[in-house]
Amino acid sequence: MRQYLYAYLQQAASAELPYLTASFRRADLGKEFDLVAADYHAQLLVPSLAKASAGQGRTWLRLLTSFYPEAPLPEIALWFAHRHLPTHFTLVFALSLQRVGFVLLEVQTMFLHLQLRDQLSAAIRLGFLGPLEGHRLQHDFYAVFDQLLATSTGLDYQQATRTAFLLEAAQGLHADLYSKLFQN
C-alpha cells in the first residue's frame, strides 16, 4: 500500500502539479491559459477520468462560490463554457483558490492532501485498511509532500510527465469492468 501511495503521489506531483501551478499563475484567463487548458484536456486520455475531473471541477466551483459569493468565481465557469472545455478539477481548483486569496504553496499542498486522502478513503471503504491505519499512513506521507513539491514546483505544464504507467493502464480499464466498486 505504501508503494502504491508513493507512486500515486509521484504521478500527481509530476503530471498534475505542473498544470495546477500554471493555472494558478495564469488566473487572468488570458491567451496563455487557453493553451494550458487545451493541453490539459488533450492529455486526459481515459474517458472515465476526464468525466470525473469535469464533474469534480463543476462541483468544486459551485461549492467555493457558495463560500465566497463576492469573489469573481462565476467568470471561471463562463470561460470554460465559452471555449467548450470541461471544467477540469485541477485547473478549476487552482484558479478558484488563487482568486480567493490562497498562495501557491498552500494550493499545491492542499491538492496533494486531497489526492492522498481520496486514495486512503477508498482503501478504508473497501476494507483494505482500517481507519486507524489509514490515518497513520496519511500522517506518514505528509513528510513526503516537501520532497514532491520540491521536485515539481519549478515545472511548467509543458514539462508535466506521467510516471506510473500501470496506474494509467488500470484506470483505462475502469469502464470495462463488469462490476464497479465506485461510481465516478
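Around Val92, under 14 Å between beta carbons, what's the net of Lys plus Arg minus Asp minus Glu among the other residues?
Result for the local shell: +3.
By Kyte-Doolittle mean hydropathy of at least -0.5 and Cα axial length of at least 24 Å, which whole DSSP H helices of the chain are selected?
Span-like helices here: 47-67, 104-125, 131-152.
Measure off 7 Å from each Cα along the Cα-to-Cβ vector at Thr153 and Leu104, then give the distance between these two points in nanometres to one decimal.
The answer from the label model is 0.9 nm.
Please report, as a whole percent, how much of the solvent-accessible surface of the chain comes from carbon and sulfur atoms (probe radius 1.4 Å).
Heavy-atom surface of the chain belonging to carbon and sulfur, 1.4 Å probe: 61 percent.
Average projected area of the Cα convex hull of the stretch 1-114, in nm²?
Mean projected area of the Cα convex hull: 7.1 nm².
Using only Cα atoms, locate the centre of the stretch 1-66 and the centre of the stretch 119-133, then give the distance between them in Å, rounded to an integer.
24
For the chain, with every protein chain kept in place, what is the accessible area per residue (1.4 Å probe, Å²)?
Counting only protein heavy atoms, the per-residue value for the chain is 55 Å².
The values are calculated or read from the model by the stated rules, or taken from the named source; none is laboratory data. Computed from a prediction, not measured in an experiment: that's the story for all the values here. Backbone-built Cβ (ideal geometry, glycine too); neighbour counts: all protein chains shown. Side chains are part of the model used for accessible areas, which takes the heavy atoms of the whole protein and leaves out ligands, DNA and RNA. Shrake-Rupley method; radii C 1.70, N 1.55, O 1.52, S 1.80 Å.
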